[in-house]
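See below for the structure under consideration.
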Amino acid sequence: MASVEFAEASHTYPGTRMPAVRKLDLTVESGEFMVLLGASGSGKTTALRMLAGLEEVDSGSVYIDGRDVTDLEPGERDIAMVFQSYALYPQMTVAENLGFRMTIMGTPHSAVARRVRRMATQLDLTPTLERLPRTLSGGEQQRVAMGRAMMREPQVYLMDEPLGALDAKLRAQVRGQISALQRRLGTTMLYVTHDQIEAMTMGDRIAVLKDGVLLQCDAPRVLYENPSNAYVAAFVGSPPMNLLSARVEHTWALLGDVDVLELPLGRGLVSELRSPEVTVGFRPDKVRLAPPGTGLFAHVEAVENLGYVSYAHCAAGLGERRRDIVVRCEPGMAPKPGTAVGLALDPAEIHYFEPTSGRRLHAVR
């Protein structure tokens, strides 16, 4: 186990002006499962490759267990990396794939065999040891790739979208196996994904990146309940947070066009605003359906029934200010599409964001 630290680490790809990763400051504790989360182009994979030594660190430094590895070759960093592509040797059995590195290093056959059996047991691969990769399912191939990396017992494991090629059922199954294995081994792991459900269910902490900049790094629950900006609020959570533009008058945020809903801002928050508008945010489970005339006037346009829960997609506002608002409903309790409803908000569950920068101004609790 080892800690990892990025200290103002940056990387710019040749031929581009903007850094792919910009002055990244991030510390991963020994034994921690850290998820790097972001959309395509956010810099998460570049950050992982900088740690692995596959991309240069143009400025700043990278440390593993307190040792500066910024200028070391990949093979000198004592890490293992698992990619989305399994890269298994097709002519070798599962056992041979798992033990390949130890074999070429001259480890005695009996020691390799013991380690292979132990790793196969940990990853539920024992029945597949004599099979070739082409006869395995996608989930089994991914576990072999993971096992091959883990056979080295490095200080840090890096995983770059390892479940991207799997179907939904297998993704859920394998992510549970990865989390359980990481907890059992107590290893330090950095895991890259664009899937916020993966991030929320697997990570001890989640680092959210956008355009090469770290926006927030916190435990999953903290990210969900206290996002530092509107981007994190919209990116974390499924469905995402509802974000609506509101007019500001005195110490009130006025929401809606047909029935105007007045939300108290407070003088301290108003003093931080640089425009006569503020972005209002609230989670789908923090708004409830009410009779028309209560709260914000809206129409139900569609309903998603997922069995254990339903989501009503409601349209509020007119013209350019028309917005889709998602409301969580108990199973079978969502109104039919076309129904006029009121949307009741609890001021204590509302987040306020500065419209231009997206910075969270205040969250009443």
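From (1) surrounded by fewer than 20 Cβ atoms within 10 Å (Cβ to Cβ); (2) small (Gly, Ala, Ser); (3) not in a loop (DSSP other than H, G, I, E, B), pick out the condition that doesn't hold for ALA145.
That leaves (1) as the condition not met.
Give the residues of the stretch 332-353 that are at pLDDT 90 or above, assigned to a loop (DSSP other than H, G, I, E, B) and within 11 Å of ARG288 (Cβ to Cβ), sorted by residue number.
Once the filter is applied, which keeps residues that are at pLDDT 90 or above, assigned to a loop (DSSP other than H, G, I, E, B) and within 11 Å of ARG288 (Cβ to Cβ), the stretch 332-353 yields nothing.
Working only within the stretch 100-120, note down all residues that are under 38 Å from the mean Cα position of the chain (by Cα) and assigned to a loop (DSSP other than H, G, I, E, B). Give the steps one after another, and end with the answer.
Here is the first cut: in the stretch 100-120, the residues under 38 Å from the mean Cα position of the chain (by Cα) are 100-105, 112-120.
Selection gives MET105 alone.
Can you report the number of residues in the stretch 100-137 which are more than 23 Å from SER179 (Cα to Cα) and crowded, with 18+ Cβ neighbours inside 10 Å? Don't jump to the end; show me each part of the working.
Going through the stretch 100-137, the residues more than 23 Å from SER179 (Cα to Cα) turn out to be 100-114, 130-135.
From what's left, crowded, with 18+ Cβ neighbours inside 10 Å: 102, 112, 133.
Of the residues in that region, 3 qualify.
So which of THR12, THR27, THR93, THR16 ends up being without any contact (Cβ under 8 Å) to a residue 60 or more places away in the chain and in contact with a Pro (Cβ under 6 Å, 6 or more places away or on another chain)?
Result of the check over THR12, THR27, THR93, THR16: THR12.
Scan the stretch 274-289 and give yes if some residue there is surrounded by fewer than 19 Cβ atoms within 10 Å (Cβ to Cβ), farther than 27 Å from SER228 by Cβ and small (Gly, Ala, Ser), otherwise no.
Of the stretch 274-289, the ones surrounded by fewer than 19 Cβ atoms within 10 Å (Cβ to Cβ) are 274-277, 285-286, 288.
Subsequent filtering for residues that are farther than 27 Å from SER228 by Cβ retains none.
For the stretch 274-289, residues surrounded by fewer than 19 Cβ atoms within 10 Å (Cβ to Cβ), farther than 27 Å from SER228 by Cβ and small (Gly, Ala, Ser): absent.
Considering each of ILE206, ILE104, ILE178 in turn, give the residue that is β-branched (Val, Ile, Thr) and modelled with pLDDT under 85.
Working: ILE206 fails: modelled with pLDDT under 85; ILE104 fails: modelled with pLDDT under 85.
None of the other options fit; the residue is ILE178.
What number of residues in the stretch 153-178 are surrounded by fewer than 18 Cβ atoms within 10 Å (Cβ to Cβ), in a helix (DSSP H, G or I) and under 17 Å from the mean Cα position of the chain (by Cα)?
The first filter runs over the stretch 153-178 and keeps only residues surrounded by fewer than 18 Cβ atoms within 10 Å (Cβ to Cβ), leaving 153, 164-165, 167-170, 172-173, 176-177.
Then keep just the ones that are in a helix (DSSP H, G or I); that gives 168-170, 172-173, 176-177.
This time we only want the ones that are under 17 Å from the mean Cα position of the chain (by Cα), so: 168, 172, 176.
Residues meeting the conditions: 3.
Could you tell me whether the stretch 231-241 includes any residue that is over 19 Å from GLY176 (Cα atoms), part of a strand (DSSP E or B) and in contact (Cβ under 8 Å) with a residue 40 or more places away in the chain?
Within the stretch 231-241, none of the residues are over 19 Å from GLY176 (Cα atoms), part of a strand (DSSP E or B) and in contact (Cβ under 8 Å) with a residue 40 or more places away in the chain.
Counting only residues that are under 32 Å from the mean Cα position of the chain (by Cα) and among the hydrophobic types (A, V, I, L, M, F, W, C), which one in the stretch 290-311 is surrounded by the most Cβ atoms within 10 Å (Cβ to Cβ)?
Here the residue is ALA298.
The values are calculated or read from the model by the stated rules, or taken from the named source; none is laboratory data. Just so we're clear, the structure is a prediction, and the values are computed from it rather than from any experiment. Cβ: placed from backbone, ideal geometry, glycine included. Neighbour counts: every protein chain shown.
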